[in-house]
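Visitor: Before anything else, here's the structure in question.
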Amino acid sequence: MRAIEAYIGDLDRRLSGPARAKADLLIEARDGLHDAAEAYREGGAAAAEAERRAVADFGPIDLIARAYQAELGLRRDIRVLWELIVGVPVFIFAWDLARVLSSDEWSRYAGSTPAWYLRAIGAADTAAALSPAVAIGGVIIARLLSRRADGAATARPVSVSVFGALGLNLLALAMYSGATGLLEPARLIISVPCAVLSGAWILFSMRLTVAARRHRRPEMAIAA
């Protein structure tokens, strides 16, 4: 196997991340290697030797894989942030709309509501509102740092914002369901639309949490 294709194949096996982003990085690496090899061939080197020199100049596979994985993790984190920015407000609006449309069902619980429950729901509302706000901050940080720092340096603060935004979203869900379950479990399934939206919000949050954990630390996907 030619040196360049062997190098790209090894790099491919070491990387984990969004398929399209990974393919773009591999194409960029392959093109750069072929350009370097072509320059060596023009200088009189044989084809095989030119490829070996190009690969040697490109850098050790462990170092390059670590840098590329950091870039993939950064792209994944930014995608998670955008999904939180859009998804959380949509779920909040849709659930509130479903609750309003389920006014007949809610009328069964027209009795007095304890003060502790109102405080808990208010705190959950605050956490839910802060989640996309923190995500917006993470996207802004990524945009600003990407102009003056490498992928690894940018990835660290962005990962912190992902952790914060996801944590606030999960906290809000836990407070909504926990407080309502303590008050009156039947309210958790007050109507089919509300129950479906609650389940969808939980699945959405779990999917983003798993995705962020898989790609947050570059060394997790790099073979020893």
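The values are calculated or read from the model by the stated rules, or taken from the named source; none is laboratory data. Everything numeric in this text was worked out from a predicted model, so none of it was measured. Note that each Cβ is placed from the backbone with ideal geometry, even for glycine, and that neighbours are counted across all protein chains shown. SASA here: full protein model, heavy atoms, side chains in, ligands and nucleic acids out. Shrake-Rupley method; radii C 1.70, N 1.55, O 1.52, S 1.80 Å.
One line per residue, one yes/no per condition, for (1) small (Gly, Ala, Ser); (2) touching a strand residue (DSSP E or B) at 6+ places or on another chain (Cβ under 8 Å); (3) part of a helix (DSSP H, G or I); (4) open to solvent by 20 Å² or more (accessible area, probe 1.4 Å):
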position: Glu5; (1), (2), (3), (4): no, no, yes, yes
position: Gly32; (1), (2), (3), (4): yes, no, yes, yes
position: Tyr40; (1), (2), (3), (4): no, no, yes, yes
position: Val55; (1), (2), (3), (4): no, no, yes, yes
position: Gln69; (1), (2), (3), (4): no, no, yes, no
position: Leu72; (1), (2), (3), (4): no, no, yes, no
position: Asp77; (1), (2), (3), (4): no, no, yes, no
position: Ile85; (1), (2), (3), (4): no, no, yes, yes
position: Phe91; (1), (2), (3), (4): no, no, yes, yes
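Visitor: May I pose another question? Is it the case that some residue within the range 98-121 is surrounded by fewer than 17 Cβ atoms within 10 Å (Cβ to Cβ), modelled with pLDDT of 85 or more and small (Gly, Ala, Ser)?
Guide: There is at least one residue in the range 98-121 that is surrounded by fewer than 17 Cβ atoms within 10 Å (Cβ to Cβ), modelled with pLDDT of 85 or more and small (Gly, Ala, Ser).
Residue by residue, here is whether (1) without any contact (Cβ under 8 Å) to a residue 60 or more places away in the chain; (2) part of a helix (DSSP H, G or I); (3) closer than 30 Å to Ala115 by Cβ; (4) aromatic (Phe, Trp, Tyr) holds:
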site: Arg148; (1), (2), (3), (4): yes, no, no, no
site: Ala153; (1), (2), (3), (4): yes, yes, no, no
site: Val162; (1), (2), (3), (4): no, yes, no, no
site: Ser177; (1), (2), (3), (4): yes, yes, yes, no
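Visitor: For Ala212, indicate whether it is touching a helix residue (DSSP H, G or I) at 6+ places or on another chain (Cβ under 9 Å) and modelled with pLDDT of 85 or more.
Guide: no
Visitor: Need the failing condition index for Lys22 against (1) under 27 Å from Ser159 (Cα atoms); (2) surrounded by fewer than 14 Cβ atoms within 10 Å (Cβ to Cβ); (3) in contact (Cβ under 8 Å) with a residue 24 or more places away in the chain, just the number.
Guide: Against the list (1) under 27 Å from Ser159 (Cα atoms); (2) surrounded by fewer than 14 Cβ atoms within 10 Å (Cβ to Cβ); (3) in contact (Cβ under 8 Å) with a residue 24 or more places away in the chain, Lys22 comes up short only on (2).
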